[in-house]
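What follows is one structure encoded as structure tokens, with my remarks underneath.
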Amino acid sequence: QVQVVESGGGLVQPGGSLRLSCAASGSSFGIYAMNWYREAPGTKRELVASSTSGGNKDYADSVKGRFTISTDNAKNMVYLQMNSLKPEDTAVYYCNVHTLFAEYWGQGTQVTVFS
């Protein structure tokens, strides 16, 4: 079993920055991907950024050039640096961890970008 806990959400004005953190603990052997998703009211949960154990990283087109995903594999941590935030980035952000055997989700952290 893997526990996943996000932190770092909050309120920010357009153009501002936030950094989300996610810690995976427990039986985290065999983690091969750590991802960030988001879900805004009335929309489907969407993949924002992904990072594999092999070093591959990918981003949704809507966040390319603004968001950066990074990991600390020794600590089983994943981060999402979000710059130049826009109101449309407002959502609950979820950390997602894939191991060899299962997929785990955090409880989510709210990010609100307001004028």
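The values are calculated or read from the model by the stated rules, or taken from the named source; none is laboratory data. The structure displayed is predicted, hence computed values, not measured ones. Heads up: the accessible areas ignore ligands, DNA and RNA and are worked out on the full protein's heavy atoms, side chains in. Shrake-Rupley method; radii C 1.70, N 1.55, O 1.52, S 1.80 Å.
Applying the Karplus relation 6.51 cos²θ - 1.76 cosθ + 1.60 with θ = phi - 60° to the stretch 107-115 yields 3J(HN,Hα) values of 7, x, 9, 7, 10, 10, 10, 9, 8 Hz, where x marks Gly and Pro. Whole-Hz Karplus values for the stretch 38-54 come out as 9, 9, 9, x, x, 10, 7, 5, 10, 6, 9, 7, 9, 9, 9, 5, x Hz, taken residue by residue from phi with 6.51 cos²θ - 1.76 cosθ + 1.60 and θ = phi - 60°; glycine and proline positions read x.
Enclosing the Cα atoms of the stretch 19-115 in their convex hull gives a volume equal to 97 cubic angstrom per residue. For the chain, with all protein chains present and a 1.4 Å probe, just round the carbon and sulfur fraction of the accessible area to a whole percent. That fraction is 51 percent. Taken one residue at a time, the phi angles of the stretch 3-9 give Karplus couplings (6.51, -1.76, 1.60, θ = phi - 60°) of 9, 10, 10, 9, 7, x, x Hz. Gly and Pro are set to x. Taking 24 Å as the straight-line reach from the Cα of LYS86, the lysines in range (excluding those fewer than 8 positions away in the same chain) are LYS44, LYS57, LYS64. Counting only protein heavy atoms and a 1.4 Å probe, the stretch 38-89 has 58 square angstrom of accessible area per residue.
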